[in-house]
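First the structure, in the form of structure tokens, and then the observations on it.
The values are calculated or read from the model by the stated rules, or taken from the named source; none is laboratory data. In this text the structure is predicted, and so the values were computed from the model without any measurement. As a convention, Cβ positions derive from the backbone with ideal geometry for all residues, glycine included, and neighbour counts pool all protein chains shown. Accessible surface areas use protein heavy atoms only, side chains included; no ligands, DNA or RNA. Shrake-Rupley method; radii C 1.70, N 1.55, O 1.52, S 1.80 Å.
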Amino acid sequence: MKSFSFEQPATVQAAAASLATHADAKFIAGGTNLLDLMKLEIEAPTHLIDINRLGLDQIETTDDGGVRIGAMVRNSDLAAHSRIRIDYAVLSRALLSGASGQLRNKATTGGNLLQRTRCYYFYDTARPCNKRVAGSGCSAVAGFNRMHAILGASDQCIAVHPSDMAVAMRLLDAEVETINGSGVRRVIPIAEFHRLPATTPHLETNLRRDEMITGVKLPAPLPGRQTYRKVRDRASYAFALISVAAVIDASGERAQSARIALGGVAHKPWRVESAELGLSGATINVKSIDAVTDQLLAGARAYSDNDFKLALVRRTVHAAVAEILKNSPQWK
Amino acid sequence: MNDAAPHDALDDNRQGLIGTPVDRVDGRLKVMGQATYAHEVQEGGPTAYGFIVEATIAKGTVSQIDVTDAERCEGVYLVMTHHNAPKQAPWGPLLAKDRFARSAPQLANNRVDHYGQAVAFVVAGSFEQARSAARLIKIRYAESAGRFELAPNLDRAVIPAGRPGREADSRVGNFEPAFASSTLQIDARFTTPVQMHAQMEPHATLAYWKDGQVIVHCSSQLLMSAKNAVANTLRIAPERVRVVSRFIGGGFGGKLPIYGDVILSAMAARILKCPVKTALTRQQMFHFTTHRSDTIQRVRLGANADGRLNAIAHETWSHSASFDNFYESAGMQTRTLYAAAHRLTTHRSVSLDLPVSDSTRAPGEAVGMLALEQAMDELAEQVGIDPIELRVRNEPLQDPERNIPFSSRQLIACMQDGATRFGWSRRNAKHSAVKEGNLWVGMGMAAATRGNLLQPSKCAVQFDDQGVLTVRMAMTDIGTGSYTIFTQVAAEMMGVPMAQVRMEMGDTDFPPTPGSGGSFGAASAGSGLFDACTQLRTKFARKFGVNAKDVTFAGGRISGAGRSETLASLAGSRGLDAVGEIKPGAMVKKFSQQSYGAHFAEVTVDGDTGEIRLRRMIGVFAAGRILNLKTATSQAVGAMIWGVGAALHEHAVIDPRYGYFVNHDLAEYHVPTHADIPAIEAYFLPEFDDKTNPLKIKGVGELGICGAGAAIANAVYNACGVRTRDFPLTLDKVIAGLKLQNTLSTAGVPPHFKS
Ligand SMILES: Cc1cc2nc3c(=O)[nH]c(=O)nc-3n(C[C@H](O)[C@H](O)[C@H](O)COP(=O)(O)OP(=O)(O)OC[C@H]3O[C@@H](n4cnc5c(N)ncnc54)[C@H](O)[C@@H]3O)c2cc1C
Ligand code: SF4
């Protein structure tokens, strides 16, 4: 770890301004990702801005019936909030499937969106990694890539975004709210928040260098039933090999609407809106689900150790939909 | 130990201390944070902190190393590289009586023999200063090609040097023709991956010099070996080394050798004339310390139609560091477990440029049983009989290769007891027969066995006029409960309450013991203690004036011939003391000594995702006299949990491009979490083995892992019909074997869904 200066600003505006004026500054929220990276000198900020005293820890109802989640709301608190559990169950479930109780008590909404990949080689400064050192090469493409992407990757980087929370937020069409050093506020739809690696894998989001996340807005609740199915190598405390977030509004055999998002398959939560259209008004059965999955997986490419993810996505989408149908009132 | 142990005071168990589940005597200290582990010791004056810089290549040389920037950093006292490291003895020797007392030099030259080897050592005023300075050292390597994988290098395998009674190969009868002519044949190849010890307490050292002696606080299972290893490496007399290890947060074999934290701290402390403290980071432990070798195993079973074995073969391959001679003794248990007239076991070692492989909890059986016991399950299915019945039909009357009797053997009794407790009769013999919702449910069982050992050991006891019995020995408690069981034995032997026993261990100033390893700790050090107490009893009896066999010790008093006196007054102001000793003798040659058990597991396999989860597990063991039911049960359960990890999770992945373990942290090297471990129960059958040692006990620390993972693998097969012979059993291997259409979840979904 390198030496750094440390600051605890009192207001959101002061925090954002400080970020803008210090060249190598970073916010520290829960610190559950940043501190690990600093110890390994993968991140080496010279100035740390503690944002734990700024409030931003409320969950409020918005005028359109949605909710606004403060950037500093802890993952545990968010998962346990009654509004979230009732109206956004997929988010609550996704959060509870992540990390461990201790980590969720520290981890924040903003920090979770910005957590970095768990690619083994990214974490090892002795190995080439384009994400860590631009142009140094990617160790994973021809290396051990069990956890890596099957969608949207490039030959420069095949890392996945590890967040469970972000997958649920993508399903819900959340919006990320920011403020910059000059006090200018911006709203970024979650679909545009995370980036694909392309030739710039070191750029993971479209957050600007001088911007701070103040909160995340969820639109009014969706009709239908929601679920989050995370598939992993052990029962807890493991990142998703793949995950499926789904919401289906079905009456009778037909769906009014359906959404499906995937985690653990790409550099960002994966969702193909055009594919979902095929389900609205359609009978939900193995055939229609398979057709959506085909479109979700269009262009998928597996590497030496992760080709099982192709079959796993199909199986898990199937399982998630079956679970929703099983629990839908009209079938009880 | 040349004869069977006679009836003794522990058999009388007047105070009832032997066997009872008493709490750990050090439990309170541990939960209060008052048990000081090596890294927490503050001693010898203001302390400097070391940080080890590891090689980032697996093979080659350091061609250039620039420490200028590091030396200039604030707080840095010393940067040590092969240019300025003190001269040490060369590594080895290769063949040594005590492999853990071998010289283990650090920074001796510019050669890199494995990834993660020390190439520099920074000492500074704080850990943080040392670590950040370490990052500024610039190193250039001349890298050479290495070999890192077992399978492509089998043609380079050599026959390792065995020991008398444990030769690398064994042959009885004529295996090949016997196998070829057997009605039923199993011929299966298994692989097990590299596993890590991942002890809770990372290796750490505080070293300082005083009056020409180096005092080393470190985390060591074998103090005497550590002491001699330091002396051998630094070329000083053993008397000039004192090693202290009072509390140890897990060993599992990974603290049998000493590592660079010890040697580098000792050398730097001598140069800087101050204590130097060095701890490994979690990530460093993966390459800097030893691991369990991966193995390739071929098991062949030839049986007649009713399942009686005629031919049994177990051939095994494992790896050794390029400069070492280790091999995983994965075929050993197959020499004693089942009867068969024609037998073959082999061990081959492949030299690789990986970090050092060495003993890991139940070396041999832990992985060997994964293969053998799956093969037995396959055979039971072929024969069409219950797996327990198959074992009953192949139960040997005596050791099938050495032709000597077993000291005690309750393998079948463990299986039958376990079957009842578990509800084995409810198992459906056909695989893929039980489904709950979208979960396949299966049950599996496997045998457990582990060789029993006894090593020479000494112990000093002293009784004072306050009625306190002080016990001293250079023994360790690696978290197993040694402090507690020895306190029980000493208190029971001398007829005093446990609170009157002062158990002092973990210091080479005390009489030598073999330490903790190979499950021999309790038997060896405990027998030394037993002998010391026996002698002390004789001394008391003599002073009391009554023949030793006519007195009793209870309530802090000696009684006999109608008289009674307190031990405290009899000991007087000068106290009474004795030194005891145990030496292994003829019994190991006269009797085949193993502990036994049986594992039963129930698992679910998700029909959609292939995720395997353990539901419940029961182990029943027979391991001689149980000294403390609580600590023994903890050992058994802990070992079974590792068996779960071995079956389902643990896998240090080798990247052959770099010669290292890719997933070298605990986020990605998976061990079971609480959620993976539901109800696990362990039981012990009553057993007194008077052939093993004076305490009539057997080792319990490793038995629980042996066979545990095989029971799980067999349960997975029973659940869903997928037989995976490559560990760990991860979901990708399961779904590859599941047919899509007939496994996906359909239970409870509306009918139109399936159309
Ligand atoms: C062992 C382990 C297992 C885990 N398992 C899972 C899992 O299964 N699923 C999962 O989803 N996650 C998992 N996590 C990740 C965990 O969810 C993240 O570490 C956590 O959410 C990060 O939040 P934080 O508040 O601690 O972020 P920090 O570490 O404090 O910050 C992370 C980054 O975000 C920036 N930042 C933080 N807040 C803001 C803000 N308001 N505006 C702008 N920038 C900001 C920081 O500067 C930093 O760069 C795991 C973590 C660990 C260590
Ligand atoms: S996949 Fe991305 S993060 Fe991983 S090594 Fe390649 S470039 Fe780095």
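Things worth noting here:
- Distance cut-off 17 Å, percentage of C-alpha pairs in segment B:589-726 lying past it: 64 percent
- Hits among aspartates and glutamates - C-alpha to C-alpha of B:K589 under 18 Å, sequence gap 8 or more where chains match: B:D3, B:E167, B:D399, B:E401, B:D689, B:D690
- Take the Cβ atoms of B:R14 and B:Q185, set R0 to 60 Å, and the FRET efficiency comes out at 0.60.
- Accessible area of the protein assembly as shown divided out per residue, in Å², using a probe of 1.4 angstrom: 36 Å²
- Cα-Cα over 30 Å, subset of A:K106/A:K268; B:K698/B:K733; A:K309/B:K754; B:K630/B:K691; B:K87/B:K277; B:K630/B:K733: B:K698/B:K733; B:K630/B:K733
- Solvent-accessible area lost in complex, 40 Å² minimum, residues of segment A:210-244 relative to chain alone, 1.4 Å: A:R229, A:D233, A:R234, A:A235
- Spatial separation of Cα centroids for segment B:510-537 and segment B:408-445, in angstrom: 39 Å
- Projected label distance in nm at B:H752 and B:D509, using a 7 Å step from Cα toward the beta-carbon: 8.4 nm
- Chain B: C-alpha gyration tensor shape, a/c 1.5 cut-off, then a/b vs b/c: oblate
- Pairing chain B with chain A buries about 4100 Å² of accessible area. This figure sums both sides and uses a 1.4 Å probe.
- Exposure check, 1.4 Å probe, all protein chains in place: A:L241 carries approximately 10 Å² of accessible surface.
- Residues along segment A:1-20 losing 50 Å² or more of accessible surface when the other protein chains are present rather than the chain by itself (probe 1.4 Å): A:M1
- Trypsin sites (Lys or Arg not before Pro), loop per DSSP, at most 12 other Cβ atoms within 10 Å - longest free stretch of chain B: B:575-738
- Apportionment of accessible area to carbon and sulfur, chain B, percent (1.4 Å): 52 percent
- Counting only lysines at least 8 places from A:K217 when in the same chain, there are none with an alpha carbon closer than 18 Å to its own.
- Rounded Å value of the spacing that divides the Cα centres of segment B:14-53 and segment A:215-280: 49 Å
- Residue ranking by accessible heavy-atom surface, 1.4 Å probe, largest first, among B:D386, B:D732 comes out as B:D386, B:D732.
- Relative contact order, whole percent, for chain A stands at 17, derived from Cα pairs under 8 Å and 6 or more residues apart.
- P(r) tail fraction, segment A:46-118 - alpha-carbon pairs more than 20 Å apart, %: 31 percent
- Separation of the alpha carbons by more than 27 angstrom is noted, of B:K59/B:K255; B:K59/B:K138; B:K227/B:K273; B:K549/B:K590; A:K131/B:K739; A:K230/B:K430, for B:K549/B:K590; A:K131/B:K739; A:K230/B:K430.
- Counted charge near B:M505, where neighbours are those whose Cβ lies closer than 12 Å (Asp, Glu -1; Lys, Arg +1): -2
- Across segment A:300-315, rounded Karplus estimates of 3J(HN,Hα) from the backbone phi angles (6.51 cos²θ - 1.76 cosθ + 1.60, θ = phi - 60°) give 5, 9, 9, 10, 4, 10, 10, 5, 4, 5, 4, 5, 5, 4, 4, 5 Hz, Gly and Pro being marked x.
- The Cα center of segment A:288-312 and the Cα center of segment B:129-152 differ in position by 37 Å.
- Those residues of segment A:136-150 for which accessible area with every protein chain present is at least 50 Å² below the isolated value (1.4 Å probe): A:F144
- Sorting the segments A:107-116, B:190-199, A:196-205 by their mean number of nearby beta carbons within 10 angstrom, highest to lowest, gives A:107-116, B:190-199, A:196-205.
- Counted charge near A:E323, where neighbours are those whose Cβ lies closer than 13 Å (Asp, Glu -1; Lys, Arg +1): +4
- Within the accessible area of segment A:5-52 (1.4 Å probe), percent carbon and sulfur: 56 percent
- Sparsely packed loop sites in segment B:37-99 (the GluC sites (Glu not before Pro) outside DSSP H, G, I, E and B with at most 14 other Cβ atoms within 10 Å) comprise B:E43, B:E74.
- Overall form of segment A:125-185 per C-alpha gyration tensor (a/c, 1.5; a/b vs b/c): oblate
- Oblate is the label for segment A:5-52, because a/c, from the alpha-carbon gyration tensor with a ≥ b ≥ c as root eigenvalues, is 1.5 or above and a/b does not exceed b/c.
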